[in-house]
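Before any comments, here is the structure.
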């Protein structure tokens with residue numbers, strides 16, 4: 001959704017009519033997670049994607065019709081459906097999409113404002129022809145209504161919980177929010193600030209990693225105590241370049257880091273590494289990796305133990321950093337590091353080529369999503 005905002009602003013300024021298609025649920029293996037979005041305007045222009053190309057043509061046709069009718073519709077494409085096969089959905093599962101004309105998206109301005117500002121926000125939508133929407137910003141009154149004040153209250157309460165873990169999914173209620181009923185289906189879509197990656201060490205590997213991490217949607221901070229190396233010119237893909245000792249930076253921002261975030265220590269010098277890793281272990285960060293040879297890693301572990309780190313803490317440390325992909329260049333190493341972060345987040349365990357595995361090729365992530373859609 002975040003990547004659609006600039007294009008939607010342009011369409012709105014031009015007075016164009018448009019509709020938003022969102023993945024609200026997936027049965028089995030699907031190409032995109034709930035929350036993936038695509039916008040279509042009255043002229044057939046497209047922003048975003050809901051399936052990586054499998055059903056986009058059919059979605060455009062449906063969206064154009066619904067723009068003219070000014071109606072919402074829940075549509076599904078599945079592997080066993082002749083129509084879905086005709087448009088190329090071959091993932092083996094079923095995706096369910098809600099298509100809403102722009103006029104049905106009440107609260108859009110507040111939603112867009114919060115997403116741009118990197119503030120947590122949830123979009124609540126009933127999965128029926130009304131497509132009633134409401135926008136939840138923590139600590140503020142609900143904007144809009146799902147049609148009933150008691151339903152609004154219950155869904156807003158539940159949405160706070162979904163937003164807290166970055167989950168987007170369908171929840172079901174009675175007409176007044178009653179539990180254990182399924183009269184009303186509500187899609188709760190969570191939008192969180194981008195996950196953070198903190199990179200320590202102004203080295204060539206850090207330049208490559210900041211670029212790859214930025215492509216994956218991380219907000220990247222590069223930190224090094226050496227002012228001559230930690231410069232914006234050397235790290236143009238970093239969102240922030242900080243000249244400071246790593247442990248001092250973590251002393252300031254450590255309490256704000258979550259399981260969605262990552263810390264990569266690329267300095268492989270004990271005077272930087274040990275204080276940085278010790279400070280990182282005091283945070284809730286989901287991924288902590290450190291660069292260095294196996295000999296460097298063993299020396300680092302000895303120093304960390306001497307400094308008070310216990311085995312349970314050290315088990316969180318990924319070192320040598322990255323997956324064994326045979327990487328040699330900084331760019332290849334950056335890919336291996338990000339691949340390990342993805343594997344850790346998804347909880348897949350032993351990583352293998354998909355061609356040697358069985359079962360679904362799309363996994364549910366074990367942690368909260370790193371890129372709020």
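Since every read-out is calculated from the coordinates, none of them should be taken as a lab result. Predicted model, so just to flag it, every value in this text is computed and none were measured. Please note: Cβ atoms are built from the backbone with ideal geometry, for glycine as well, and neighbour counts cover all protein chains shown.
Values as computed for the structure displayed
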item	result
DSSP bridge orientation in the chain - percent antiparallel, rounded to nearest 5	65 percent
Cα-derived Rg over Rh, computed across segment 108-191 with Rh taken as Kirkwood radius	0.94
Residue-averaged 222 nm ellipticity for the chain, from DSSP H runs of 4+ at -39500 (n - 2.57), nearest 500	-10000 deg cm²/dmol
Residues 287, 108 arranged by fewest to most Cβ contacts within 10 Å	108, 287
In degrees, nearest ten, helix 108-117 long axis to first principal axis of the chain (Cα)	10 degrees
Residue order, fewest to most beta carbons within 10 Å, for 1, 228	228, 1
Largest to smallest principal axis extent of the C-alpha atoms in segment 196-356, angstrom	46, 38, 30
Which labelled figure in (1) 22.0; (2) 22.5; (3) 21.1 is Kirkwood radius over Cα pairs in Å, once derived from the coordinates	(2)
Residue order, fewest to most beta carbons within 10 Å, for 18, 11	11, 18
Percent RCO, i.e. relative contact order, over the chain, from Cα pairs under 8 Å lying at least 6 residues apart	12 percent
Compactness relative to 2.2 N^0.38 Å, alpha carbon Rg of segment 137-282	1.45
For segment 196-356: relative contact order, % (alpha-carbon pairs under 8 angstrom, 6 or more apart)	22 percent
Crossing angle, helix 56-69 versus the chain [Cα axis fit, 0-90 degrees, rounded to tens]	40 degrees
Angle between the chain longest axis and helix 330-346 axis [Cα atoms, degrees, rounded to 10]	60 degrees
Length added when fully stretched, residue 282-residue 356, from 0.36 nm per residue minus Cα-Cα	22.8 nm
Contour minus Cα-Cα distance for residue 70 and residue 12 (0.36 nm per residue)	19.2 nm
Part-to-part distance (alpha-carbon centres) for segment 205-279 and segment 290-331, which is given in Å	16 Å
